[in-house]
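First the structure, in the form of structure tokens, and then the observations on it.
None of the figures in this text is laboratory data; all of them are computed from the coordinates on show. Only a predicted model underlies this, so the values are computations on that prediction, with no experimental measurement involved. Reconstructed Cβ throughout: ideal geometry from the backbone, glycine too, with neighbour counts over all protein chains shown.
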Amino acid sequence: MVKERKIYTSFHDIPPREYMYFPKGAIEIGKPGKFSVIEIQHILISISVLTIAFTFSLTKNSLITLFGNLSIFPTGMLMSFLGILTAFFFHEISHKIVAQKYGLWAEYRMYPIGLLLAFILSITIGFVFAAPGAVMFRGGSREFETGKIALSGPLANLVVSVIALFLFFYVFFESSIINKIVGFICIINAIMATFNLLPLGPLDGVKIVRWNATVWAVLLIISISVMTRMLLFLRLFSF
């Protein structure tokens, strides 16, 4: 007997419909990698806001410091953009593609309040607390499907962080800027993987533990190890 699919309202169990913006009419599942216009808009807005927010934080420009070092803003923006692209975008797109492979409707939806908070905090006190949004999916998913969908995001971050860690320690770059960018990509991906693997609330870790606790434990140990090693080199991110 085929196991009946359990219906989930949202991948991250976020219920409010006011920011989900489902298109009118029938929901089209689409092939893996297919994006709607509204989804592309939400992704671009999220990447833009997060890039600006992290730029203020990395370059230590804020109302507190009276924007004292704007000359390094372009370099900080490049570092922030590449970090957000590899961490945030890769994480969410991995959720989306795996969900679509299971025949589910899956699209990213931004969380306006979370983006606004990240922006305001970054320009006022230079601190970033980001809750930009999440991939929503519909169609029903069984436990192992939900687990693998949850796994895909942190796994993508972990793969990127391990590659960046290898490049940072074992490949010589003449430019200090490249070193900083590679290091930042490593640490932001490692932090995002570790945070999302925590078995708390709506985080990915909860779904992964329900599906396979061993896989969850292995990934968490690796992500913490990478994060801890890179945190020792935080001084490299100061301009």
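With N residues in region 34-237, what two-decimal value do you get for its Cα radius of gyration over 2.2 N^0.38 Å?
Working: Rg = 17.3 Å, N = 204, 2.2 N^0.38 = 16.6 Å.
Expressed relative to 2.2 N^0.38 Å, the Cα Rg reads 1.04.
For a quick protection proxy, order the peptides 119-128, 173-182 by their average other-Cβ count within 10 Å, most packed first. Please report the intermediate quantities before stating the final value.
Numbers: 119-128: 16.5, 173-182: 14.4.
Highest-to-lowest ranking by the protection proxy: 119-128, 173-182.
Ranked highest first by average number of other Cβ atoms within 10 Å, how do 90-101, 186-197 line up?
Numbers: 90-101: 21.9, 186-197: 24.8.
Those peptides, ordered most packed to least, come out 186-197, 90-101.
Put a dot 7 Å past each Cα toward the Cβ at residue 142 and residue 200; how far apart are the dots in nm?
It works out to 3.3 nm between the two label points.
If you take the beta carbon distance between residue 34 and residue 159 as r and set R0 to 30 Å, what does 1/(1 + (r/R0)^6) give as a FRET efficiency, to the nearest 0.05?
Numbers: r = 23 Å, r/R0 = 0.77.
So the FRET efficiency works out to roughly 0.85.
Per-residue counts of other Cβ atoms within 10 Å, averaged by peptide: what ranking do you get for 202-208, 153-159, highest first?
Working: 202-208: 21.6, 153-159: 23.7.
Per-residue mean Cβ counts within 10 Å order the peptides as 153-159, 202-208.
Report the convex hull volume per residue for region 111-156, counting only C-alpha atoms, in Å³.
Values: hull volume 3.8 nm³, N = 46.
So the per-residue Cα hull volume is 82 Å³.
Which one, 76, 194, 165, projects farthest toward the positive side of the charge dipole computed for region 34-237 from Cβ point charges (K/R +1, D/E -1)?
Checking the options against the dipole of region 34-237, the answer is 194.
Among 34/207; 148/180; 180/207; 34/60; 96/207, which pairs are too far apart, with a Cα-Cα distance over 27 Å? Write down the numbers at each step before the final one.
Values: 34/207 25 Å; 148/180 32 Å; 180/207 34 Å; 34/60 38 Å; 96/207 15 Å.
Exceeds cut-off: 148/180; 180/207; 34/60.
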